[in-house]
1. Out of all the residues in the range 100-118, is one or more out of contact with any Leu (no Cβ under 9 Å at 6 or more places or on another chain), basic (Lys, Arg) and surrounded by fewer than 19 Cβ atoms within 10 Å (Cβ to Cβ)?
2. Search the range 93-114 for residues that are more than 14 Å from Trp52 (Cβ to Cβ) and touching a residue at least 12 places away in the same chain (Cβ under 8 Å) and pair each with any residue that is surrounded by fewer than 24 Cβ atoms within 10 Å (Cβ to Cβ) and basic (Lys, Arg) when their beta-carbon atoms are under 8 Å apart and the residues are at least 6 apart or on different chains.
3. State which residue pairs qualify: first residue under 17 Å from Thr227 (Cβ atoms) and inside the range 310-329, second residue acidic (Asp, Glu) in any location, beta carbons under 7 Å apart, and separation of 6 or more residues or different chains.
4. Of these, Ser185, Ser133, which one is on the phi < 0 side of the Ramachandran plot and out of contact with any Phe, Trp or Tyr (no Cβ under 8 Å at 6 or more places or on another chain)?
5. Please determine whether any residue of the range 64-76 is at pLDDT below 95 and under 17 Å from the mean Cα position of the chain (by Cα).
6. Kindly indicate whether Ala102 is among the small types (Gly, Ala, Ser) and within 13 Å of Gly121 (Cβ to Cβ).
7. Being in contact with a helix residue (DSSP H, G or I) (Cβ under 6 Å, 6 or more places away or on another chain) and modelled with pLDDT under 95 narrows it down to one residue among Phe237, Phe310; which is it?
8. Give the residue, chosen from Leu188, Leu213, Leu206, that is aliphatic (A, V, I, L, M), more than 19 Å from the chain's Cα centre (by Cα) and outside the structural domain of Gly303 (by TED's automatic domain parsing).
Amino acid sequence: MRTELDRAAVAIEGAHSIALACHVGPDGDALGSMLAMHHLCRANGRPSVASWSEPFVVAPHYTFLPGLDITTKPADFPTAPEVMVTFDCGSIERLGDLAAPARAAGELIVLDHHATNDRYGSINVVDPDAAASAVIVRRLARRLGWPLTRDAALCLYTGVVSDTGRFQYSNTTPEIFGLAQELASFDLPIADITRQLFEEHRFAYLQLVAVALARAELDHERRFVATWVTADDLARFDVTIEETEGLIDLVRRVSEAEVSCVLKETPEGVRVSLRAISHARPGGGREEGVDVGAIATEFGGGGHRFAAGFTSARPLHETLEAIREHIPLAS
């Protein structure tokens, strides 16, 4: 891991320009990590471009992130970058429109924390024990000797707070609290960030949530809860797919379920989000629950043991039944 981090730093130090990219439909960690590096490159004399695949939009709760206004449309992304860095992206296919530039890059650096990452780069800085890709970006900045800026700190904090679920998930470690303290020292608007990321929604979205929760199904034998959002739902309430990102966090609150699932119809296929619950062992440590990362991998996706996803070409209910078959009966 240290060797790969060193190799990444050397490649970046020797580059005349750097192309940065994150996965399609970016979340808080993907955007936060990429934009933090974008700010740091520019602050340290390294010209950079940053982008992600079409649809080139972000969910409303990420619009506060500094640097979105200096990102580059995927159509204008370099076709063969000298050095390209990807963030929070477990496979080259997840880059969408930017997979071709990644394949043509002189050096492809992968920064990620997904256990299912398939190491598609020429340099792979992948640490499944890191709580967020933002953690790895902070390590890289330290190795480069690049001091943080306030904008970079705000972006990194967004990545950390997103992937730890506001410091509630089992990946919240002493390292994370130490990093959060460092980032918060830049006088970040913590309350405003938290509200926009997790609490603020349009009334139309809440109406859609009511419909989705009303149709939720609980499989007691598998301790499995699932619901879905159709294309008709999105059209009826005039809600974008990006706005529905947090729906899984409501569904996973069901006390009778160990595994939760949300399926969403999109033009590209059915997007599936999976979550599992981990429990503390007597005497300390975490019990291993259902590995939803392994389930997602079976369907061509990936993620972590307790949080994962994939996109299915099957119809929505057929996809749901296929997932159900992969979840063991409760003991």
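The values are calculated or read from the model by the stated rules, or taken from the named source; none is laboratory data. None of the values given here were measured: they were computed from a predicted structure. Neighbour counts are summed over all protein chains in view; Cβ atoms, including those assigned to glycine, are modelled from backbone coordinates with ideal geometry.
1. Yes, the range 100-118 contains a residue that is out of contact with any Leu (no Cβ under 9 Å at 6 or more places or on another chain), basic (Lys, Arg) and surrounded by fewer than 19 Cβ atoms within 10 Å (Cβ to Cβ).
2. Pairs that qualify, where the first residue is more than 14 Å from Trp52 (Cβ to Cβ) and touching a residue at least 12 places away in the same chain (Cβ under 8 Å) and the partner is surrounded by fewer than 24 Cβ atoms within 10 Å (Cβ to Cβ) and basic (Lys, Arg), are Val110/Arg119.
3. That search, which allows pairs on different chains as well, returns Leu316/Glu265; Arg324/Asp219.
4. So the residue among Ser185, Ser133 that is on the phi < 0 side of the Ramachandran plot and out of contact with any Phe, Trp or Tyr (no Cβ under 8 Å at 6 or more places or on another chain) is Ser185.
5. No, the conditions are met nowhere in the range 64-76.
6. Answer is yes for this residue.
7. Phe310
8. Leu188 is the lone residue from the list that is aliphatic (A, V, I, L, M), more than 19 Å from the chain's Cα centre (by Cα) and outside the structural domain of Gly303 (by TED's automatic domain parsing).
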